[in-house]
Amino acid sequence: ALVSRTVAKTPAAVRLRYLTQQLATHRERISELEERNSELEAICGGSKARLAADASSHDPFVAAARIKSLEAEVWALRQEKQDLLARAHAADDRIAELRA
């Protein structure tokens, strides 16, 4: 309740500046996540290819566990990206409201 009253008393220009900064931060983090996701997908794909090509020189259980770990990290990054996209969209909507 205190936060709502404080936000209500904050000038629209200040809120707009804050939301614009938040949006830029979210977009920057989304870009970072997309880069890391690409890296992980390449690593994961390479691990699968190496495992299939040369199973005799790899412990299949260790390799499979590593692949699962990488896939889990990719999934977590995708979830974080979805959350940030939702926040960025909400910030865009709020900025449009403040400008109207």
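The values are calculated or read from the model by the stated rules, or taken from the named source; none is laboratory data. Bear in mind that the values here come from a model prediction, so they are computed numbers and not experimental data. Positions of Cβ are generated from backbone atoms using ideal geometry, with glycine treated the same way; all protein chains shown enter the neighbour counts.
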Practice prompt. Can you work out which of the residues in segment 62-74 that are surrounded by fewer than 14 Cβ atoms within 10 Å (Cβ to Cβ) and either modelled with pLDDT of 75 or more or under 15 Å from the mean Cα position of the chain (by Cα) (or both) is farthest from Leu85 (Cα to Cα)?
Written response: Ala65
Worksheet item: List pairs: first in segment 15-41 and farther than 18 Å from Ala86 by Cβ, second basic (Lys, Arg) and surrounded by fewer than 16 Cβ atoms within 10 Å (Cβ to Cβ), Cβ under 9 Å, 6+ apart or cross-chain?
Response: Leu16/Arg99
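Quick check on segment 84-100: of everything there that is free of Cβ contacts under 8 Å to residues at least 12 places away in the same chain and loosely packed, with under 14 Cβ neighbours inside 10 Å, which residue is farthest from Gln21 (Cα to Cα)?
Of the residues in segment 84-100, the ones free of Cβ contacts under 8 Å to residues at least 12 places away in the same chain are 86, 89-90, 93, 96-97, 100.
When the remaining residues are screened for being loosely packed, with under 14 Cβ neighbours inside 10 Å, the result is 86, 89, 93, 96-97, 100.
Working: Ala86: 16, His89: 13, Asp93: 14, Ala96: 14, Glu97: 16, Ala100: 19 Å.
Step by step, filter segment 84-100, then rank; the result is Ala100.
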Discussion item. Being among the polar types (S, T, N, Q) and at pLDDT 75 or above: is that true of Ser31 here?
Written reply: yes
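For Arg50, indicate whether it is at pLDDT 80 or above and touching a helix residue (DSSP H, G or I) at 6+ places or on another chain (Cβ under 9 Å). If you could, list the steps in order and put the result at the bottom.
Details: at pLDDT 80 or above: no; touching a helix residue (DSSP H, G or I) at 6+ places or on another chain (Cβ under 9 Å): yes.
No: the conditions fail for Arg50.
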